[in-house]
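The values are calculated or read from the model by the stated rules, or taken from the named source; none is laboratory data. Everything quoted here is computed from the prediction, not taken from an experiment. Note that we place each Cβ from the backbone using ideal geometry, even for glycine, and neighbour counts take in every protein chain shown.
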């Protein structure tokens, strides 16, 4: 139900291959994320190879969580990370079940599977703060509900295509 914690080794620097193993993605995906997310910016050594710090690895893991597990769009994930970093939000990657349960859920307008053109979030900061925190169990239930709704939508679209013929 909850994501497994990834133990990041106590090292100063990581090569791109090591980060790929930790994050479970390929190198081209990490390089793409670097172009899309300005907060993921590894340094390069004299040979021009990417050298990731622990902070970069944590950021890559958080990006993966938002995109793959929480189903954010690139734009939504970028917005969410910007808000977390601006608000002083600590990136939670390694930790106990309690840490996982304390992650905040998507707010209105940043919700998974919606593009920014489909839903425009309220601009009020009070609104964002008023969204209640969700437990891991509640988030899992919401993900299941979203999956079932997508399935129903797919069935309706197939039915409409059948009628059009």
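Listing for the model above:
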{"quantity": "Residue within region 138-160 that is in contact with a helix residue (DSSP H, G or I) (Cβ under 6 Å, 6 or more places away or on another chain), in a helix (DSSP H, G or I), modelled with pLDDT of 50 or more and farther than 22 Å from residue 74 by Cα present", "calculated": "no"}
{"quantity": "Number of the condition not met by residue 71 [criteria: (1) outside any loop (DSSP other than H, G, I, E, B); (2) within 10 Å of the chain's Cα centre (by Cα)]", "calculated": "(1)"}
{"quantity": "Residue list for region 19-68, restricted to those being on the phi < 0 side of the Ramachandran plot, under 16 Å from the mean Cα position of the chain (by Cα) and part of a loop (DSSP other than H, G, I, E, B)", "calculated": "25, 37, 38, 39, 40"}
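Yes/no matrix, rows are residues, columns are (1) more than 22 Å from residue 12 (Cα to Cα); (2) loosely packed, with under 14 Cβ neighbours inside 10 Å:
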site	(1), (2)
45	no, yes
58	no, no
62	no, no
72	yes, no
76	yes, no
86	yes, yes
